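The values are calculated or read from the model by the stated rules, or taken from the named source; none is laboratory data. For clarity, every value in this text was computed on a predicted model and none was experimentally measured. Neighbour counts are summed over all protein chains in view; Cβ atoms, including those assigned to glycine, are modelled from backbone coordinates with ideal geometry. Please note that ligands, DNA and RNA were not included when accessible areas were found on the heavy atoms of the full protein model with its side chains. Shrake-Rupley method; radii C 1.70, N 1.55, O 1.52, S 1.80 Å.
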Amino acid sequence: QVQLAESGGGLVQAGGSLRLSCAASGSITSFYFMGWYRQAPGKQRELVAQIFSDGRLNYADSVKGRFTISRDNAKNTLYLQMNSLKPEDTAVYYCAITRPGPNYWGQGTQVTVSS
């Protein structure tokens, strides 16, 4: 079973940047897409960005132009570069792998953006 561990969250002022990392404990042999999700207090979890197995990228409208998802296959690590952060980006961020069989989820990392 692959385990995912997010890191890189923290407190940042509006307009600042953070880079989230999601390290997988083992190799991912087959997947549909890898994604970053977030959940703010009192809100449903939402998809922020995804990278498909063929390399296509997709972003939520709210983060387009500000966030960049990428993947380092050699390091088994998924990244989310977040620039021009806004207070409404405050949430717990999760990485996940959607694959044949049960999906993998990380434990989440808190991102707090102060105004």
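Among what's in segment 86-113 and is within 18 Å of Ser70 (Cα to Cα) and of a type in the set (A, V, I, L, M, F, W, C), pick the residue that is most open to solvent (accessible area, probe 1.4 Å). Here the answer is Trp105. Per the listing Ser53, Ser7, Ser30, Ser62, the residue uniquely open to solvent by less than 90 Å² (accessible area, probe 1.4 Å), hydroxyl-bearing (Ser, Thr, Tyr), closer than 18 Å to Asn103 by Cα and touching a residue at least 24 places away in the same chain (Cβ under 8 Å) is Ser30. Of the residues making up segment 87-115, those that are in a loop (DSSP other than H, G, I, E, B) and polar (S, T, N, Q) are Thr90, Asn103, Gln107, Ser115. Of everything in segment 16-67 that is modelled with pLDDT of 95 or more and of a type in the set (Val, Ile, Thr), the residue that is farthest from the chain's Cα centre (by Cα) is Val63.
Scanning segment 68-85 for residues that are at pLDDT below 95, exposed (fewer than 15 other Cβ atoms within 10 Å of the Cβ) and not basic (Lys, Arg) turns up Asp72, Asn73, Ala74.
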